[in-house]
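To start, the structure under review is shown below, and the notes come after it.
The values are calculated or read from the model by the stated rules, or taken from the named source; none is laboratory data. Not measured: the values here are computed from a predicted model. Using ideal geometry, Cβ is built from the backbone for each residue, glycine included, and neighbour counts are taken over all protein chains shown. Heads up: the accessible areas ignore ligands, DNA and RNA and are worked out on the full protein's heavy atoms, side chains in. Shrake-Rupley method; radii C 1.70, N 1.55, O 1.52, S 1.80 Å.
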Amino acid sequence: MSTPSSPSETALASLRSLRQSRRFLPDPIARDDLEKLLEVARWTGSAKNTQPWHLVVVTDQETNGALAGMGAFAGFLAGVAASIVVAVRGDGRSVAYDDGRLQERVMLAASHLGIGSGTAWFSTAENRQQVRDLLGMPADLEPWSAIGLGYTDTSQEQASPQLSGRKPLAEIVSWGRYGAQPSA
C-alpha cells in the first residue's frame with residue numbers, strides 16, 4: 001500500500017484501516033478523551049434528528065466484566081478500559097441504523113485518538129434486560145450494544161485468522177444491474 005499523498009487519501013486510508021479490537025492493555029482512558037468521544041456521539045446524525053439514544057459510560061472493571069457475560073458477542077468487554085453502552089428508544093430499522101451509525105462514528109473517533117475499540121451486542125431480550133437491571137436503565141430503553149474501548153494490545157491476535165482480509169470488489173459489487181461488471 002502506498003503512502004497517502006493528499007488529505008482526502010489520508011482520510012480514506014484511515015477509514016479503510018479501522019478494525020475491531022478485542023484485546024486491550026490495562027491502561028485507563030483519560031476522562032478528557034472519553035468526553036471527546038461522547039461529543040462525537042452527540043453530533044452523530046439520526047433518523048429525523050430524533051437522537052434516540054442514551055449512553056452509559058462504564059469504567060468500572062467489575063461492571064464491564066458483568067456486561068461481558070450478557071451475550072454471545074460481548075465477552076471481550078471483560079478486558080476493556082471503558083465501555084459505552086448504547087441504549088435506544090423505539091424500534092424498527094431506523095433505530096438499528098442509528099445505533100450502528102453512532103457506534104461507527106465513535107470507533108472512528110477513538111481510532112484518531114489512538115484508542116482501540118470493538119462492538120459488543122446484547123442479542124437477546126434476556127441479555128438486554130440483564131443490562132438494564134445492572135445499569136439501572138428504564139424499561140423504554142433497549143441496550144442493544146456497547147462500544148468497548150482501550151489501548152489495543154498489539155502483542156495479541158485481534159481477530160480469527162480465517163476472518164482477516166477482504167473479498168475482491170468484483171465479488172461484492174455489481175454495476176447497474178446485479179451481476180454486471182463494468183466494461184473495460
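Before moving on, here are some points about what is shown:
- Answer residue from the range 20-42, given it is over 19 Å from Gly65 (Cβ atoms) and open to solvent by 70 Å² or more (accessible area, probe 1.4 Å) and is modelled with the lowest pLDDT among those: Gln20
- Condition check for Ala110: under 22 Å from Pro26 (Cβ atoms) and touching a residue at least 40 places away in the same chain (Cβ under 8 Å): yes
- Test: residue in the range 79-88 that is polar (S, T, N, Q), under 15 Å from Glu142 (Cβ atoms) and surrounded by 14 or more Cβ atoms within 10 Å (Cβ to Cβ): no
- Screening Trp144, Trp53 for residues that are surrounded by 17 or more Cβ atoms within 10 Å (Cβ to Cβ), over 12 Å from the mean Cα position of the chain (by Cα) and farther than 23 Å from Ala11 by Cβ leaves exactly one candidate, Trp53.
- Residue selected from the range 51-79 under the condition small (Gly, Ala, Ser) and not in a helix (DSSP H, G or I), by the criterion nearest to Gly118 (Cα to Cα): Ala74
- Among the candidates Gly65, Gly71, Gly45, the residue that is modelled with pLDDT under 95, open to solvent by less than 50 Å² (accessible area, probe 1.4 Å) and under 20 Å from Arg128 (Cβ atoms) is uniquely Gly71.
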